[in-house]
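Below: the structure, in structure tokens.
The values are calculated or read from the model by the stated rules, or taken from the named source; none is laboratory data. Owing to the predicted nature of the structure, the values given are computational and were not obtained by experimental measurement. When we count neighbours, we look across all protein chains shown, and the Cβ atoms used for this are built from the backbone with ideal geometry, even at glycine. Just the protein is used for accessible areas: all its heavy atoms, side chains included, with ligands, DNA and RNA removed. Shrake-Rupley method; radii C 1.70, N 1.55, O 1.52, S 1.80 Å.
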Amino acid sequence: MAALNTIPAVAAGRQPRAIVRINGTRIDGWVSWEVSSNTYYEADTFRVSFAASALPSFASPSWFSLQTELFVEILAGFPIDPANPQPAELPSQIYGRVDSLDFDPVSTMLTLTGRDLTAVFIDAKITSQWVNQKSSDIATALAVSHGLTPVVTTTTTNVGTFYKHDQVRMQADRSEWETLAWLAREEGFVCYVAGKELHFEPDSRETAVPYVIQWQAPAPGG
């Protein structure tokens, strides 16, 4: 099987750049950001900090506090011109809703933390057992109910078949995400959110090209 990486690897200097969008609008003045990518069955998280003095005039800390909902998108990558990065050149690292807003009046730092849109399924309880529907139908319906685009592989088995083998799953106090994750495992699928898409499909990692790590023992006396 061919290796994903070129051997031997050659060192090279790079100049990464990032753009932060709040509710679709580019907001400069960020000082730091971080994105934590979790497993397929959990929400990814983000944290981004702004210097209040560097924020644009319309986006003061008080403006942030008045918003009923805040959505953050972080784009980062290696643009052709590092001095003038363009959004189209930078892959989206995360798109999610803000869970917490903190403003430190001493340091004048504004910090936003939150989760990707997996959170909308985590925070919602199921309202039906969907016994006579298929997993792909359920995934599509839930995605559409939250305004996400379903990227769903069609399945053929009614979920009632799964319930027969796992009666504990009949409990009605589960979140929508617990239901989706359980159905994905039953189907041999993975379930995750990427940007504004809900993916419910076979695991692509099973056919991924491996990253080769080569190690050579040092020469005697080296």
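Here are the numbers:
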| item | result |
| --- | --- |
| Mean Cβ neighbour count within 10 Å, used as a protection proxy, ranking 121-131, 83-93, 186-196 highest first | 186-196, 121-131, 83-93 |
| Charge context of residue 19, other residues only, Cβ under 14 angstrom, K/R +1, D/E -1 | -1 |
| Derived scalar couplings ³J(HN,Hα) [the range 50-60; Karplus, 6.51 cos²θ - 1.76 cosθ + 1.60; whole Hz; x for Gly, Pro] | 10, 8, 4, 5, 9, 5, x, 4, 7, 10, 6 |
| Share of pairwise Cα separations in the range 1-112, more than 15 Å, in percent | 70 percent |
| Normalised contact order of the chain, rounded percent, pairs of Cα under 8 Å and 6 or more residues apart | 20 percent |
| Within the chain, helix-based [θ] at 222 nm, where runs of 4 or more DSSP H residues each add -39,500 (n - 2.57), nearest 500 | -5000 deg cm²/dmol |
| Fraction of accessible area attributable to carbon and sulfur, the range 100-160 (%, probe 1.4 Å) | 53 percent |
| Solvent-accessible area per residue for the chain (1.4 angstrom probe, square angstrom) | 59 Å² |
| Prolate/oblate/rounded label for the range 98-153 (Cα gyration tensor, a/c 1.5) | prolate |
